[in-house]
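Notes follow once the structure below has been shown.
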Amino acid sequence: MKKIFTVILAFFGINFQAQAAQETPEIQSVIDSLRSMALNLKAEDLGLSPKNYPNEVWGILMETGFKNDSYTLLVLADGTTSLYFSNGGGIIGAGTHETVKKASLNLLIEANHFQSKTKSTLTFPYPIEGEVKFYLIGYGGITTYSAREQTLGENKDQLSQLFYATHMVITELRKVEESKHKLTDHP
């Protein structure tokens with residue numbers, strides 16, 4: 001599973017081993033700020049209320065840890081879909097693409113189905129190597145769930161389906177980026 005994600009992330013220009021030495025405190029500060037902003041959002045900041053978005057979970061932040069890095073997928077009910085890397089780079093605001101929008105909506109639906117398996121939290125540590133952390137952002141606060149990436153990927157965890165749904169979003173993001181590269185590579 002890790003090889004697959006390493007290949008996907010390499011496509012985006014992220015080489016964890018080569019770039020780990022290049023990581024700067026400024027990059028980490030930006031990533032920390034983006035992450036903090038997402039985890040401190042209120043539904044009303046996005047124009048959401050139970051009247052116009054009746055599902056409890058209106059956002060999900062999923063992170064996967066590697067040896068010296070991690071990546072974060074953020075999906076919000078207002079259409080925000082972003083993927084960013086702790087060593088810099090990422091895709092911000094890709095939720096306007098129809099295929100990404102559809103995968104993101106499906107992810108939010110799945111998150112609502114699995115919320116009962118998560119626990120409330122006020123702390124948001126980064127994942128350790130090989131760990132996946134889900135933070136479900138809802139009207140009642142933030143809940144969390146952690147599991148080993150391998151266990152989730154092998155469909156051996158109660159949240160494996162949610163993990164698959166996050167990776168469908170990442171796949172659609174990759175396709176959008178790939179099509180952009182094809183357009184710029186061939187004038």
Odd one out for Gln115 among (1) at pLDDT below 90; (2) among the polar types (S, T, N, Q); (3) touching a Ser or Thr at 6+ places or on another chain (Cβ under 9 Å): (1)
Output yes when any residue across segment 152-160 is basic (Lys, Arg) and not in a loop (DSSP other than H, G, I, E, B), and no when none is. no
Please state which of the following conditions Ala38 fails to meet, knowing it meets all the rest: (1) assigned to a helix (DSSP H, G or I); (2) more than 20 Å from Ala165 (Cα to Cα); (3) among the aliphatic types (A, V, I, L, M). (2)
Out of the strands (runs of 3 or more DSSP E) lying entirely within segment 53-104, which hold 3 or more residues that are more than 14 Å from Ile31 (Cα to Cα)? 57-65
Just to be sure before I move on: is Thr171 over 15 Å from the mean Cα position of the chain (by Cα), in a helix (DSSP H, G or I) and either touching a residue at least 12 places away in the same chain (Cβ under 8 Å) or more than 18 Å from Trp58 (Cα to Cα) (or both) in the structure I sent? no
Output the number of residues of segment 41-52 satisfying the condition of being closer than 17 Å to Asn112 by Cβ and assigned to a helix (DSSP H, G or I). 2
Say we look at segment 67-101 and pick out the residues that are touching a helix residue (DSSP H, G or I) at 6+ places or on another chain (Cβ under 6 Å) and more than 30 Å from Pro54 (Cα to Cα); which of these is surrounded by the fewest Cβ atoms within 10 Å (Cβ to Cβ)? Asn68
Is there a residue in segment 2-19 that is closer than 29 Å to Gln150 by Cβ, of a type in the set (Ser, Thr, Tyr), at pLDDT 90 or above and within 17 Å of the chain's Cα centre (by Cα)? no
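The values are calculated or read from the model by the stated rules, or taken from the named source; none is laboratory data. Everything numeric here is computed off the predicted structure, so don't read it as measured data. Cβ: placed from backbone, ideal geometry, glycine included. Neighbour counts: every protein chain shown.
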